[in-house]
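The values are calculated or read from the model by the stated rules, or taken from the named source; none is laboratory data. Predicted, not measured: the structure shown is a model, and the values here were computed from it. Here the Cβ positions follow ideal geometry from the backbone for every residue, glycine too, while neighbour counts run over all protein chains shown. When the accessible area is computed, the model is the full protein with side chains, heavy atoms only, and any ligands, DNA or RNA have been set aside. Shrake-Rupley method; radii C 1.70, N 1.55, O 1.52, S 1.80 Å.
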Amino acid sequence: MGSHHSIRMIVGIFGNGASLLLYCVPILTFWRVVKKKSTEEFSCVPYIVALLNCLLYTWYALPVVSNGWENFPVVTINGFGVLLEFSFIFIYVWFSSPKRKKKVALRLVGVVIVFSCVGMISTFALKSHHLRKLFVGCIGLVASVAMYGSPLVAMKQVIKTKSVEFMPFYLSFFSFSASSLWLAYGLLSHDLFLASPNLVGSPLGLLQLVLYCIYRNKGKEEEEEEGCVKEAVANWDMEKNNAKQIPHQNGSQV
């Protein structure tokens with residue numbers, strides 16, 4: 001029993017590490033947003049869904065819902081995730097258009113309402129830890145599936161544009177790693193609500209890696225081809241102009 005608990009904690013620590021790196025990956029994206037002072041084609045939806053997921057699982061792992069600190073690793077990483085996601089959303093709102101600001105604000109209000117309702121119902125209406133875990137876990141399960149499903153938008157864009165510009169490699173890699181480790185943690189904990197979302201997240205992360213491998217050079221190849229075409233057109237125009245100038249020069253000499 002002791003060795004089983006130790007293995008579970010070790011997996012949880014590695015899961016924390018992978019999730020920490022996953023949460024930090026968008027720092028590069030938002031550094032680009034700050035430098036360009038534009039959100040470009042980036043969507044804020046994944047960060048809003050991730051915020052709701054982090055809030056729910058932080059609440060799920062706290063002693064109010066869980067039995068004591070049995071899921072302490074879940075509290076630490078999701079609590080950190082809440083701070084990061086809030087920071088990303090703030091930067092996005094600061095540099096986005098007024099129309100997008102309104103959309104983000106409405107979605108954030110929805111997140112606050114959902115989380116507040118979950119917190120009040122689980123605290124005051126449900127009396128046992130079992131019922132609280134069941135209720136919060138079900139809501140968290142839906143949010144997690146939505147979070148892991150949100151990259152489908154980016155995957156669709158990759159297939160459409162044949163470019164991985166808006167689906168960074170490290171985001172896909174750490175998503176796959178974190179999902180796989182938390183899947184193992186959930187199975188070792190015999191916790192359906194920790195394992196189930198990652199049954200979706202792990203295959204989706206793997207699919208993103210496959211797409212990245214397929215399309216990572218497509219954009220470069222197309223740019224090179226476009227450059228070659230432009231160069232060929234420029235050379236052809238130059239030769240055409242030279243050909244026009246030669247008869248004119250000969251006429252002048254006569």
Not counting ligands, DNA or RNA, and with a 1.4 Å probe, what is Leu134's accessible surface area in Å² rounded to the nearest 10? 80
Sort His190, His130, His5 by accessible area with a 1.4 Å probe, largest first. His190, His130, His5
Which distance in Å, rounded to a whole number, links the C-alpha centroids of segment 10-80 and segment 175-201? 15
Ordered by number, the chymotrypsin sites (Phe, Trp or Tyr not before Pro) in segment 1-85 that occupy a DSSP loop and have at most 12 other Cβ atoms within 10 Å are Trp69
Accessible surface of segment 68-150, 1.4 Å probe, proportion on carbon and sulfur as whole %: 79
Probe 1.4 Å, all protein chains present, accessible-area order of Cys44, Cys117, largest first: Cys117, Cys44
Mind checking the per residue accessible area of segment 90-157 for me, 1.4 Å probe, whole number of Å²? 61
